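The values are calculated or read from the model by the stated rules, or taken from the named source; none is laboratory data. Keep in mind that this is a model prediction, so the values were computed, not measured. Cβ coordinates were reconstructed from backbone atoms using ideal geometry, including for glycine residues, and neighbour counts include every protein chain displayed.
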Amino acid sequence: MRNVLIAASAFSGLAAALPQNINIAAALAVPTPTVLGPAATESADLPVSYNPTVAAESAAEAVATGGVTAKKRNACELQPGGAGPVPGDGSVAEYLDPSNALRTAARNAGTPSGYSKSFTDLTASTHQIGYLTYKNIESGNYDVNACAAFCNSEEFCQGFNIYYERDPSVDPAASCANPDPITNVKCAIYGYPVSENSATNQGEHREGFEVVIAGSNGYSKLNGAMCKGAPSVPDFNAPTNLPAAINAPLIQKNGQDYDTYNGMRLFNTNPYDPSLCAAACKSQTEFDREHLANANGEYKPCNFFTSYVLTKNGVPLGTYCALYTQEWSADYAVNTGYHYGEDDYSVICAASYTATTQDSGVLSSSN
């Protein structure tokens, strides 16, 4: 069920009936990470720095409390790489010419097994959350299978961007401004699917030298590969893959309407990782038990959560976590997203998790 929100005030109106509707305003309020793709001066083949254990600890801390280091460069130093072909005289116009061999190779490239093609032959590279690392294709060939193999070798990789980049042959400086170009075939991998709308990095100027992108293709793991194999997380039962987000009704408790929804969190400085939601769920229970119990010793525990990727116009916003006091079946997974103003917010890769040990929501001293 795709809802239409036509004004910000609509959030409050919907909240009374369906409190757990996707909180777009809160999701957009989460600051965007500073590193969204390979920097022109970044060294290739840096290890993936994402540590799920540390990330889960940070997620728990975020509930409880309410980058890349550039290599020092020497001016005019000879730059590594350059295995790709230089078109024509190496000018910017030659790189951007739609009929050149670089862009033709991108258009003729196939789609690796297990992936779908997100975009073809753009003159900009991906710039979005979930950036993991990149490498140069050492053969200099536009090898999408090699790039896919690189993505497959990383546990959290869900998509990649392969492209030609016009780079300087030496590190530009005043004494060697606008050096001769070299071509690198770059393979950047991401912890979320890549989207055409995220391909916004068109290069930069460095001491008279213009870095440009050509033949940029994006590939994302098929939904069957990414979304139907939700990972298990400690202290929760095996996940249930869902077609959409949960819309749970109010229930009756002690003769009154009771809302089982217990808030949301969005994590965007990491790859898609449901273990972050598990950490947030457990921390939410601890917080509510310690700070929000009423006079009868009752509080709202988190015994169940859904985890999914929330996208805006196809571009991932992060790992969205919706927390609940009780389990809800897949019959309630009907919320596929919203049209909000001119933007389209969608739910992909949804899964639900139930705590193996249920919390009663009542302080032990009150039992």
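Of (1) under 30 Å from Ser118 (Cβ atoms); (2) touching a Phe, Trp or Tyr at 6+ places or on another chain (Cβ under 8 Å), Thr260 satisfies all except one. Which?
Among (1) under 30 Å from Ser118 (Cβ atoms); (2) touching a Phe, Trp or Tyr at 6+ places or on another chain (Cβ under 8 Å), Thr260 violates only (1).
Check whether at least one residue in the range 163-185 is under 30 Å from Ala279 (Cα atoms) and either crowded, with 17+ Cβ neighbours inside 10 Å or touching a His at 6+ places or on another chain (Cβ under 7 Å) (or both), and report yes or no. It would help to see each step written out before you state the result.
Filtering the range 163-185 down to residues under 30 Å from Ala279 (Cα atoms) leaves none.
The answer is no; no qualifying residue exists.
Ala278 passes all but one of (1) crowded, with 19+ Cβ neighbours inside 10 Å; (2) more than 30 Å from Ile189 (Cα to Cα); (3) in contact with a strand residue (DSSP E or B) (Cβ under 8 Å, 6 or more places away or on another chain); (4) among the small types (Gly, Ala, Ser); which number fails?
Checking Ala278 against (1) crowded, with 19+ Cβ neighbours inside 10 Å; (2) more than 30 Å from Ile189 (Cα to Cα); (3) in contact with a strand residue (DSSP E or B) (Cβ under 8 Å, 6 or more places away or on another chain); (4) among the small types (Gly, Ala, Ser), the one that fails is (2).
So how many residues does the range 150-199 have that are in contact with a strand residue (DSSP E or B) (Cβ under 7 Å, 6 or more places away or on another chain), among the charged types (D, E, K, R) and under 15 Å from Val211 (Cα atoms)?
Residues flagged as in contact with a strand residue (DSSP E or B) (Cβ under 7 Å, 6 or more places away or on another chain), among the charged types (D, E, K, R) and under 15 Å from Val211 (Cα atoms) within the range 150-199 amount to 4.
Looking at Ser329 and the list (1) exposed (fewer than 14 other Cβ atoms within 10 Å of the Cβ); (2) more than 15 Å from Ser307 (Cα to Cα); (3) not basic (Lys, Arg), which single condition is not satisfied?
(2)
Among the residues of the range 238-273, what is the count of those that are at pLDDT 90 or above, out of contact with any helix residue (DSSP H, G or I) (no Cβ under 7 Å at 6 or more places or on another chain) and within 16 Å of Gln326 (Cα to Cα)?
Final tally of qualifying residues: 12.
If a residue has to be in contact with a Phe, Trp or Tyr (Cβ under 6 Å, 6 or more places away or on another chain) and either outside any strand (DSSP E or B) or small (Gly, Ala, Ser) (or both) to count, how many in the range 327-350 make the cut? Give the steps one after another, and end with the answer.
Here is the first cut: in the range 327-350, the residues in contact with a Phe, Trp or Tyr (Cβ under 6 Å, 6 or more places away or on another chain) are 327, 337-338, 345, 347, 349-350.
Subset that is either outside any strand (DSSP E or B) or small (Gly, Ala, Ser) (or both): 327, 337, 350.
Residues meeting the conditions: 3.
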